[in-house]
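Trainee: The structure under discussion is supplied below as structure tokens; questions concerning it will follow.
Every number here is computed from the coordinates shown, using simple stated rules; none is lab data. This is a predicted model, so every value here is computed, not measured. Backbone-built Cβ (ideal geometry, glycine too); neighbour counts: all protein chains shown.
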Amino acid sequence: MNAQLGASATAARAHEELFAYWASLRRCGQLPGRADIHPKDFKRLLPTVSLIDVIGGERRDYRLRLAGTGLFSVYGREITGRSLGDVYGRRAADYWQDELDRVVDERRPGVGCHSLAWRGTAHMSLMWMRLPLANDGRNVDMILGYDAIVGLQVEPSSGIRAA
């Protein structure tokens, strides 16, 4: 349990760090754009950082422009270049559609916790944060994401038991 709480506290600190960085880029109430973001400024977070394109249309869609290497183990495959429907089943895709729509519509960060039960790992969750980016300072055209994997790490069983 202590390890789980420690992981959650570490994840919260990482969220605070990236949020403070993003907030420092805002000027006169304007949102930062992709050009304002410099990955070297948060190198240690890069493995689970993502950039998500906002694709307009009758029903807004989202495409993962970039997904950090640490997200491969979460999703079990490369997700860069994929849309929500390509990455998730219907229920999880709807969850992310609603959350990302909220970030775009409200022009404010979103944060939450999402169970990885859809991957068969109900003991694990993503503590996530999504930060709006706007090249024109107003209209969100990209989202900066950060995910921290938390939960009870279950050691794989070898099948060998002590006598």
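Trainee: With the cut-off at 1.5 for a/c, could you classify segment 2-151 from its C-alpha gyration tensor as rounded, prolate or oblate?
Mentor: Note, shape of segment 2-151 comes out oblate.
Trainee: Using label points projected 7 Å from each Cα along Cα→Cβ, tell me how many nm separate E106 and D61, to one decimal.
Mentor: Computed distance between label sites E106 and D61 equals 2.6 nm.
Trainee: Suppose each label sits 7 Å from its Cα in the direction of the beta carbon; what would the Q30-H114 distance come out to in nanometres?
Mentor: So the label points at Q30 and H114 sit 3.0 nm apart.
Trainee: Pop the C-beta distance of R91 and S8 into the FRET formula with R0 = 22 Å and round what comes out to the nearest 0.05.
Mentor: The computed FRET efficiency comes out at 0.35.
Trainee: Order of R44, R60 from fewest to most other C-beta atoms within 10 Å?
Mentor: In increasing order of surrounding Cβ atoms, one gets R44, R60.
Trainee: Still on this structure, I have one more. Could you run the Karplus curve 6.51 cos²θ - 1.76 cosθ + 1.60 with θ = phi - 60° over segment 137-144 and give me ³J(HN,Hα) per residue in whole Hz, x for Gly and Pro?
Mentor: Here the 3J(HN,Hα) series is x, 10, 8, 5, 10, 7, 10, 8 Hz.
Trainee: Order of 130-138, 28-36 by packing, highest average Cβ count within 10 Å first?
Mentor: 130-138, 28-36
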